[in-house]
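The next block holds one structure in the form of structure tokens; read it before the comments.
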């Protein structure tokens, strides 16, 4: 099942663990399809650094494989309408010594699969079959109860602002066979707060989006995405179907656990119950074609899968848990607001760790996916950060030296969790002050250090590399409800559950 922390597209230097998936809130911003036009001139990328990128990536992955962090990996990079790099690294099958083939080996993109689902739902918006501001119940054959009279709108699915608990299921239930359509009806998460406000990442919401596509189009979801997204732009191998068969199964990279220093193969993961949220399998060339279509405003070659205004909508700002930090786009998450603007999505299963990033103003994108032991999650993050820092470097912010109100430190708990079960305090973040302007964040025994750069605003020091990206943490919240949010995690927020010393 998808980890609580592993659906994050974030760039944290550790995994926070948690259950499987298995404030001064900003109001919903009224958004039409169009957003302000992108810059006339594409953002500049240093040609020397771009030319040296393949060797740069080779060096990082060689080290990660040597350190047993990664068993196998693929990466593809697109720039100005062309694929400039597609490579495989390591082994797809360690025991048989089968190398990863950058052109043909399949990997699991995890929640990056959701981008296909959002594109499919936008096609139905374009067709006039779905209204962004309609109650989702209009398109369902079952009912999701409103919260204090407020229904979930289709728009709220794109922004993960459903106001729901995370998925809840009994021990052993995930292994039982059940279609995603049935699972949606029998596992409606608890309604906790009004939709359209606080963001809390939801696999249920993305699965619901896929079900709406199925209902209004009259086509089974895996059939629909193949006919209307994958086939038109030449993504011949990508599928949501499970289990894989034929050539797909033969070319699928294995997932691994690291046991006593050796990679131990694991069975193929099944995500039938939340199919539209994360069950896809794909190749690097297929992912490159999808990125080219998105950077081409819905067009690749002679095929169009979306109108330009639909692509702009998917990439445009929607809401944020707090002003001053990146928030959600519509399906995509905002990685950086400017310099240039970056949008992306991460995807993690138990065995595969992936990330897709687009810089529309620079006409640039990359996709990476890895398999291996637990170290491959951090390795994915390390490689993605290195690419961003090389091509789109940042400088650290000026340190804050003024006196001010001390932030409320203590234990903070993520809002994305199963509220039907008791929370495990071991998964909380522990925050404590260091000197006048420092902050220590602890998660499951791992520590990171942060320095103040503004009122209630801190920048990560631990793990930061020259050129960034630099994560940020902001304290905020209404009286009696202190919260924190991270720039790297626009899809969740954290609430104070215990002050320091209690």
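A few notes on this one:
- Matching residues, the range 322-336, being within 16 Å of residue 201 (Cα to Cα) and either under 16 Å from the mean Cα position of the chain (by Cα) or outside the structural domain of residue 295 (by TED's automatic domain parsing) (or both): 326, 327, 328, 329, 330, 331, 332, 333, 334, 335
- Checklist (1) surrounded by 24 or more Cβ atoms within 10 Å (Cβ to Cβ); (2) assigned to a strand (DSSP E or B) applied to residue 313, failing item: (2)
- Any hit, the range 70-90, residues being part of a loop (DSSP other than H, G, I, E, B), buried (at least 23 other Cβ atoms within 10 Å of the Cβ), in contact with a helix residue (DSSP H, G or I) (Cβ under 6 Å, 6 or more places away or on another chain) and assigned by TED's automatic domain parsing to the domain that holds residue 381: yes
- Single match in 293, 338, 288 (criterion: farther than 30 Å from residue 182 by Cβ and assigned to a loop (DSSP other than H, G, I, E, B)): 338
- Test: residue in the range 82-103 that is over 30 Å from residue 242 (Cα atoms) and out of contact with any strand residue (DSSP E or B) (no Cβ under 6 Å at 6 or more places or on another chain): yes
- Considering the range 386-460, there are no qualifying strands (runs of 3 or more DSSP E) wholly inside with 3 or more residues that are at pLDDT 95 or above, touching a helix residue (DSSP H, G or I) at 6+ places or on another chain (Cβ under 6 Å) and farther than 30 Å from residue 368 by Cβ.
- Taking the range 399-430 as the range and being within 25 Å of residue 192 (Cβ to Cβ) and loosely packed, with under 14 Cβ neighbours inside 10 Å as the test, the residues that pass are 420, 421, 422, 424, 425, 426.
- Cβ-Cβ contacts under 8 Å between residues 6 or more apart (or on different chains), taken from a first residue in the range 315-339 that is at positive phi to a second residue that is surrounded by fewer than 20 Cβ atoms within 10 Å (Cβ to Cβ), are listed as 324/457; 339/43; 339/394.
- As for the range 246-258, it holds at least one residue that is part of a helix (DSSP H, G or I), surrounded by fewer than 24 Cβ atoms within 10 Å (Cβ to Cβ) and at positive phi.
The values are calculated or read from the model by the stated rules, or taken from the named source; none is laboratory data. Predicted model, so just to flag it, every value in this text is computed and none were measured. So basically every Cβ, Gly included, is an ideal-geometry build from the backbone, and we count neighbours across all protein chains shown.
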